[in-house]
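A.B. asks: Here you go, one structure.
A short reminder: the numbers here are calculations on the coordinates, not readings from a lab. Everything quoted here is computed from the prediction, not taken from an experiment. Backbone-built Cβ (ideal geometry, glycine too); neighbour counts: all protein chains shown.
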């Protein structure tokens, strides 16, 4: 168990026609006159919701949960026990690919209109019958053609770096171990 000022964990659950993602976000909120607390947020991307302000628009799945500092470990252990370990993402390339899947899900019309010439790479990056390494290579090849000065990619690099940098691998391991 680790303290996180900012952290994320991704869950990917198979559905009828694809996947449904859940982003679990942990935010530490310090206070001046008493111990701080954590804010736990469960959200998912909104389909075809291209937005200039934010690279992946999210919908709250439930109200944010305020967890006092002294209940943090117990809350996370309880949550880990309720998670299906086969849905938690726990490898670095997969974290980036799941962030990419959510981005494509929320920008599919935009990508279809503006990147038709790269549709093969886009489809290959989402081909779940291919290996993670093959999908990741297709993602990297697609990104080599992207202009980061234009929306929605202007903020994409920051977002994917934040997810990768602040991903709670330790929490995904707890879920994997059935804690």
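A.B. asks: Counting each pair of different Cα atoms once, what's the Kirkwood radius of segment 6-176 in Å, rounded to one decimal?
C.D. replies: Values: mean 1/r = 0.0583 Å⁻¹.
Kirkwood radius, segment 6-176: 17.1 Å.
A.B. asks: Oh, and also: Which order results if 156, 21 are arranged by neighbouring Cβ count within 10 Å, fewest first? Show your work: numbers first, answer last.
C.D. replies: Numbers: 156 19, 21 22.
Least to most surrounded, the residues fall as 156, 21.
A.B. asks: Going by C-beta contacts inside 10 Å, put 6, 126, 174 in order with the fewest on the left. Don't skip to the end; give the middle numbers.
C.D. replies: Values: 6 12, 126 18, 174 22.
Exposure proxy ranking, most exposed first: 6, 126, 174.
A.B. asks: Between 29, 62, 44, where does the largest GNM mean-square fluctuation fall for the chain, given springs only between Cα atoms within less than 10 Å?
C.D. replies: 62
A.B. asks: Ranking 22, 82 by Cβ neighbours within 10 Å, fewest first, what do you get? Walk me through the numbers on the way to the answer.
C.D. replies: On the way: 22 17, 82 7.
With the fewest neighbours first, 22, 82 line up as 82, 22.
A.B. asks: Connecting C-alpha atoms closer than 10 Å in a GNM of the chain, tell me which of 123, 27, 42 has the biggest fluctuation.
C.D. replies: 123
A.B. asks: Run lengths n ≥ 4 of DSSP H only: what is the helix-derived mean residue ellipticity at 222 nm for the chain, with -39500 (n - 2.57) per run over all residues, to the nearest 500?
C.D. replies: Numbers: 7 runs with 74 residues, N = 179.
Per the formula, -12500 deg cm²/dmol.
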